[in-house]
1. Nothing charged except the Cβ atoms of Lys and Arg (+1) and of Asp and Glu (-1): what's the magnitude of the dipole of segment 12-72 about its Cα centre? Round to the nearest 20 debye.
2. What's the center-to-center distance, using Cα atoms, between segment 45-66 and segment 98-153 in Å?
3. Compute the convex hull volume of the Cα atoms of segment 84-150, divide it by the residue count, and report the result per residue in Å³ as a whole number.
4. Over segment 12-72, what percent of the accessible surface lies on carbon and sulfur atoms, probe 1.4 Å?
5. Give me the percent of accessible area attributable to carbon and sulfur for segment 84-150, probe 1.4 angstrom.
6. Taking every pair of alpha-carbon atoms in segment 12-72, what share in percent sits in each 5 Å bin, from 0 to the bin with the longest distance?
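The values are calculated or read from the model by the stated rules, or taken from the named source; none is laboratory data. Nothing here was measured: the structure is a model prediction, and the numbers come from that model. Glycine also receives a Cβ, built like all others from the backbone with ideal geometry; neighbour counts cover every protein chain displayed. Side chains included, ligands, DNA and RNA excluded: accessible areas come from the protein's heavy atoms. Shrake-Rupley method; radii C 1.70, N 1.55, O 1.52, S 1.80 Å.
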Amino acid sequence: MMQGATKSNQPYSLIVVHPDELIDRANGAERIQELVDCAVDVHLAEAGMVVTSGTAIKGATKRALTTLSDALHPSHDHDTDATYAWSGGRPPLGFEVDGGRLVETDEYDRICTVLQQVRDSETSKRRAAKRLGCSRGTIINALEDRPSMYGLV
């Protein structure tokens, strides 16, 4: 998709029907960031939005795009491909074990938001741990060892 897209004076336009065609748990909104960095306006047709070239996708903008993708197509996060096999031990923050697989708890979205705030330096690890009722080490593990599980990659 990025072949041929280079920085130029005239932005290209990319039109996608669903935001989750470019946004997913593993990469977050990185694909959109790459496009807008290469002078591409990204039109999210179903949402009626345009992300214009040169836009910095971070913080609230990144969370809004990810939330929009999940709101329009909530089932894509709960496909069997989005779960993880678990052989034992305490499940990671925001997950519980069901039939040998990790599944998201009801608090998962809130946890992802708080972890994103830590990653974007909007809140401290200590404050995040207090808000989520866990240890600072749990926050560090989520950010350093399992960022793809929380859409932070």
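1. Approximately 220 debye in magnitude.
2. Computed from Cα coordinates, the inter-centre distance equals 22 Å.
3. 79 Å³
4. Carbon and sulfur: 56 percent of the exposed surface of segment 12-72.
5. The nonpolar share, carbon plus sulfur, comes to 42 percent.
6. The calculated distribution, bin by bin, is 4, 22, 34, 29, 10, 1.
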